[in-house]
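Enquirer: This is the structure I want to talk about, given as structure tokens.
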Amino acid sequence: MLRQVADGVLVHESEFVQSNAVVVRGRSGVLLIDPGVTGSEIGCLVNDLRELGESVVAGFSTHPDWDHLLWHTRLGEAPRYSTARCAATIGEELSDPGAKARIADHLLETEIAGQVPLELLGLVTGLPAETTYIPWQGPQVRIIEHQAHAPGHAALLIEERGVLVAGDMLSDVLVPMLDLDAANPIEDYLTALRLLEGVASDVDVVVPGHGSVGGAEQVRERIDQDRAYVLALRNGQDPAAPRVGPSAKPGWEWVSDVHEGQLQRLARRDERDGAPR
């Protein structure tokens, strides 16, 4: 069910890893950011929009992870946007005919096996690199592109509503997940946090890709918390991190595995490169 978090901004939270789809009401329809995960959830979203008398006039995917690139015919044929780098990344991945099958195989290990509509996965149009705002008839939505979590990752600032849609950052349940295939993932993440910090004074609501919606006081708290985690990684320390181990939210204990995996991959990078982080 859609829940209003600011004037004209609504969120639909998935049962699957608390994925958040964001709806922004415009003059002639809505902008849909990172639609839901399962077919039934997207159907619920469509029904909610119909009850509001709204249709989708534009879509946006914050980054090239499969769960942020989904769509369904019931949402219509509105243009779907992303950053140019995001579109290029998913375009290259989908050029492999077996890509969707591998995602489907991965989902067999989850509770949503067979429920995810992959037919329209990743059919996004990359906006030119100099694009500052999403092109649509509604509140201005500023694109804050960075390379922290994935190539072409974008946070979105709905300026007139004071809402920051953070993509896979600033979560209360996930630790920062670095793009460990990048040349300098730690510095990329710290740079992105500085960008988000630069708009924090304009934010009343933060919506992470996964996790709980936060208020103005939590924006800086989450930035500070994530920066402390990433700095500990840079310094070769094992962060005493909230969201890991006993402090993990019930049902999210697997985040500790993500954390350990990052530590191990960073250690292997250091050993391979013979250089500090």
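Please treat every number below as a calculation from the coordinates, not as lab data. This structure is a prediction, so every number in the text was calculated from the model and none was measured. When we count neighbours, we look across all protein chains shown, and the Cβ atoms used for this are built from the backbone with ideal geometry, even at glycine.
Enquirer: Please express the Cα-Cα pair-distance distribution P(r) of the stretch 47-203 as a list of whole percents, one per 10 Å bin, running from 0 to the bin with the greatest distance.
Expert: Calculated P(r), rounded to whole percents: 10, 34, 38, 17, 1.
Enquirer: Sticking with this structure for a sec: For the chain, give the magnitude of the charge dipole about the Cα centre (Cβ charges: +1 Lys/Arg, -1 Asp/Glu; no others), in debye to the nearest 20.
Expert: Roughly 320 debye, rounded to the nearest 20.
Enquirer: Something else about it: Helix-derived [θ] at 222 nm for the chain: sum -39500 (n - 2.57) over DSSP H runs of at least 4, divide by residue count, nearest 500?
Expert: Rounded to the nearest 500, it is -10000 deg cm²/dmol.
Enquirer: Separation of the stretch 135-176 and the stretch 218-277 by C-alpha centroid, Å?
Expert: 22
Enquirer: Short version: ³J(HN,Hα) in whole Hz for each residue of the stretch 113-124, in order, from phi by Karplus 6.51 cos²θ - 1.76 cosθ + 1.60 (θ = phi - 60°), x for Gly and Pro, what are they?
Expert: The phi angles translate into 3, x, 10, 9, x, 9, 4, 9, 4, x, 8, 10 Hz.
Enquirer: Let me ask something else about it. Assuming 0.36 nm per residue, please report the length gained on full extension of the stretch Thr131 to Ile103 beyond their Cα-Cα distance.
Expert: 7.0 nm
Enquirer: Beta carbons within 10 angstrom, averaged per residue: use that to sort the peptides 101-108, 33-40, 52-59, 73-80, highest first.
Expert: My ranking of the peptides, most packed first, is 33-40, 52-59, 73-80, 101-108.
Enquirer: If all Cα-Cα distances of the chain are sorted into 5 Å bins from 0 onward, what percent lands in each bin, rounded to whole numbers?
Expert: 1, 6, 13, 17, 19, 18, 14, 8, 3, 1, 0, 0
Enquirer: Within 14 Å, Cβ to Cβ, of Val23, how many net charges do the neighbouring residues add up to if Lys/Arg are +1 and Asp/Glu are -1?
Expert: -3
Enquirer: Once R0 is set to 35 Å, what does the formula 1/(1 + (r/R0)^6) return for the Cβ-Cβ distance between Leu120 and Gln237, expressed as a FRET efficiency to the nearest 0.05?
Expert: Approximately 0.25, to the nearest 0.05.
Enquirer: Another question about this same structure. Summing +1 for each Lys or Arg and -1 for each Asp or Glu, what net charge is found among the other residues whose Cβ lies under 12 Å from the Cβ of Arg243?
Expert: It works out to a net charge of -1.
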